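The values are calculated or read from the model by the stated rules, or taken from the named source; none is laboratory data. These numbers come from a predicted model, not from an experiment. Backbone-built Cβ (ideal geometry, glycine too); neighbour counts: all protein chains shown. The accessibility values were calculated without ligands, DNA or RNA, using every heavy atom of the protein model including side chains. Shrake-Rupley method; radii C 1.70, N 1.55, O 1.52, S 1.80 Å.
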Amino acid sequence: MNAPTVQSAFLQRFSIEPDITVRAPGRINIIGEHTDYNAGFVLPAAIDKAIWMAAGRRSDGRFAFYALDLNEFFISENADTVFQQQFKWANYLLGVVSEARKDGLQIGGLNVAFGGDVPLGAGLSSSAALESGAMFIFNELYGLGLSRMDIVRLAQRGENNFVGMKCGIMDMFASVISREKSVVRLDCRSLEYAYFPFDTENYSLVLIDSGVKHTLVDSEYNTRRAECEEGVAVLKQFDPHISSLRDVSMDLLLQHESQLRPVVFRRCKFVVAEIARVEQACAALEQNDFATLGRLMLDGHEGLDVDYEVCVPETNFLVEQARRFSGVAGARQMGGGFGGCTINLVETSVMDAYLDFVRTAYEEAFGIVARVYPVHLTGGTTRV
Ligand code: GLA
């Protein structure tokens, strides 16, 4: 997929040239999982897998969206944005319209043709790319004067309030604000961010797609959020300054273990440790210390598995192979959990051998041929 393909699809479908074409990338996350909705840190980056969107204004106020990859076409009856039952994907675009209007932003009608190569259900945030890409387009075509961070927030609100998934800010942020050859640390409390160059010949990142995606992801995700909130509510009684797990130290948490339900204690323990790991990872990156970075990823995976309980046998197996293979600095399950991809930090010189090894082992164990995606870090959402 590329810009010319969506542009010609647009021309064919709407019989007019698009006003704008946008590239909205998917994302990875080096470390900092389930920390965004706990006001902690994350360390994501946009990648060279993206959604391409060609778009143009419509004078009748309606919304017409053409999904090339699915060959599905949606058009609203009028300017009112109602939840779409038939084409669920249309809700990603309608959600930002709905939220923008709550803020009094003057959004008019839109034609869009889009398609991409972000694998679906692999945890690379294709939906966040589409949401923020749509908001980016409205901002450009209707002169809304939004900052990039405004676009991120509106896209997240669309997902939270319209689509109904209570995700944090990481995915939209990474899709919109990333910079080429860098990862970006976001403080999800202050929304301050800093880029860390990730530009090395010696180590490469690769995603290994377990090919499994359990359907309970959304409900389990919301349960984890609730458990974290329960932890905060209890711990607050001992220190009124605590408003999120970001404010909780490991010492304080351990002191109050007996006051928390065991499952809530374990969830909090993971999050508090994971927030600290992001800071350690950034320090390691500054030193080009990939061995330490890899170890932190492995520790993070263990926490996701044992304390946060969002791993599955397939991703555990993949990470286990990474541990065993000399030259792999680290690996972990990436994203919300229950399948999707593992992210692997690998010495470039052993990459081919490692991928052969892990794919063979995985196929033998689970009968699944794992797809692999080499990762190149790109800039965020742009006009092309
Ligand atoms: C999903 C959510 C993100 C984040 C991750 C876990 O991708 O959309 O906001 O919470 O899970 O780190």
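May I ask you to give the solvent-accessible area per residue for the chain, in square angstrom, as obtained with a 1.4 angstrom probe?
Values: 15590 Å² over 384 residues.
Per residue, the chain has an accessible area of 41 Å².
Below 8 Å, C-alpha to C-alpha, sequence gap of six or more: please give me the relative contact order for the range 203-378 in percent. Write out the running numbers ahead of the final one.
Working: 251 pairs, mean separation 60.4, N = 176.
So the answer I get is 34 percent.
Calculated from DSSP H runs of 4 or more alone, at -39500 (n - 2.57) each and per residue, what is the 222 nm mean residue ellipticity of the chain, nearest 500? Mind showing how you got there, number by number?
Working: 11 runs with 155 residues, N = 384.
When only DSSP H runs of four or more count, the value is -13000 deg cm²/dmol.
Quick one: which residues, 5 or more positions from GLY330 or on another chain, have an amide H under 5 Å from its amide H? H modelled 1.01 Å from N in the peptide plane, none for Pro or chain starts.
So GLY330 has HN proximity to LEU345.
By how many nm would the segment from LYS236 to SER249 lengthen if fully extended, with 0.36 nm per residue of separation less the alpha-carbon distance?
Working: separation 13, 0.36 × 13 = 4.68 nm, distance 1.23 nm.
Extra length available between LYS236 and SER249 comes to 3.4 nm.
Please tell me the relative contact order of the chain in percent, rounded to the nearest whole number, where contacts are Cα pairs under 8 Å and at least six residues apart. Mind dumping the intermediate values first?
Working: 803 pairs, mean separation 86.0, N = 384.
Once divided by the residue count of the chain, the mean separation gives 22 percent.
Which whole number in µm²/s is D for the chain by Stokes-Einstein, with the Kirkwood Rh taken over Cα pairs at 20 °C and 1.002 mPa s? Walk me through the numbers before you get to the answer.
Values: Rh = 21.4 Å.
D, rounded to a whole number, is 100 µm²/s.
Between the range 1-59 and the range 194-236, how far is it from one alpha carbon centroid to the other, in angstrom?
First find each Cα centre; the distance between them is then 21 Å.
Which is farthest toward the positive dipole end of the range 203-378 among LEU245, LEU355, LEU304, measuring Cα position about the Cα centre, with Cβ charges +1 (Lys, Arg) and -1 (Asp, Glu)?
Final value for the positive-end residue is LEU245.
Say each of ALA194 and ASP69 gets a label point 7 Å from the Cα, pointing the same way as Cα to Cβ; how far apart are those two points in nm?
3.5
For labels at GLU17 and ASP103 in the simple 7 Å Cα→Cβ model, what's the distance in nm?
3.1
Assuming a ≥ b ≥ c are the square roots of the Cα gyration tensor eigenvalues, decide whether the range 3-196 counts as rounded (a/c under 1.5), prolate (otherwise, with a/b larger than b/c) or oblate. Spell out each step's value before the answer.
Numbers: a/c = 1.80, a/b = 1.50, b/c = 1.20.
Because a/c hits 1.5 or more and a/b exceeds b/c, the range 3-196 counts as prolate.
Give the residue from SER182, PHE41, TYR142 lying farthest towards the positive end of the charge dipole for the range 3-196; charges sit on Cβ (+1 for Lys and Arg, -1 for Asp and Glu) and the dipole is referred to the Cα centre.
Result: PHE41.
So, with a 1.4 angstrom probe, what is the percent of accessible area on the range 86-208 that is carbon and sulfur?
It is 43 percent, rounded to a whole number.
By the gyration tensor of its Cα atoms, with a ≥ b ≥ c the square roots of the eigenvalues, what is the shape of the range 236-384: rounded for a/c under 1.5, prolate for a/b over b/c, or oblate? Walk me through the numbers before you get to the answer.
On the way: a/c = 2.14, a/b = 1.64, b/c = 1.31.
Prolate shape, in that a/c is at least 1.5 and a/b is the bigger ratio.
At R0 = 45 Å, how high is the FRET efficiency between ASP117 and GLU279 if r is their beta carbon distance? Nearest 0.05 is fine. List each step's numbers first, then the result.
Details: r = 33 Å, r/R0 = 0.74.
For ASP117 and GLU279, the calculated efficiency is 0.85.
Once you order the gyration tensor axes a ≥ b ≥ c over the Cα atoms, which shape class does the range 207-286 get: rounded for a/c under 1.5, otherwise prolate or oblate by comparing a/b with b/c?
On the way: a/c = 2.50, a/b = 1.27, b/c = 1.97.
Here the range 207-286 falls in the oblate category.
When all protein chains stay in place, what accessible area (Å², nearest 10, 1.4 Å probe) is found for MET1?
Counting only protein heavy atoms, MET1 exposes about 80 Å² to solvent.
Give the ranking of HIS376, HIS214, HIS241 by solvent-accessible surface, highest area first, calculated with a 1.4 Å probe. Walk me through the numbers before you get to the answer.
On the way: HIS376 110, HIS214 70, HIS241 150 Å².
Per-residue accessible area, sorted high to low, gives HIS241, HIS376, HIS214.
Using a 7 Å offset from Cα along Cα-Cβ at ASP187, what residues in the range 242-256 end up with backbone N under 14 Å from the label point?
Within reach of a label on ASP187: 246-247.
Using Cα pairs closer than 8 Å and at least 6 residues apart in sequence, work out the relative contact order for the range 3-196, in percent. Don't skip to the end; give the middle numbers.
On the way: 406 pairs, mean separation 52.8, N = 194.
Relative contact order of the range 3-196: 27 percent.
Quick one: check the C-alpha center-to-center distance for the range 146-178 versus the range 70-127, whole angstrom.
Centre-to-centre (Cα) distance: 14 Å.
Give me the angle, in degrees from 0 to 90, between the Cα long axis of helix 351-366 and the longest principal axis of the Cα atoms of the chain, rounded to the nearest 10.
Its long axis makes an angle of about 90 degrees.
Rank ASP305, ASP352 by accessible area, highest first, at a 1.4 Å probe radius? Write down the numbers at each step before the final one.
Details: ASP305 55, ASP352 120 Å².
Solvent-accessible surface, decreasing: ASP352, ASP305.
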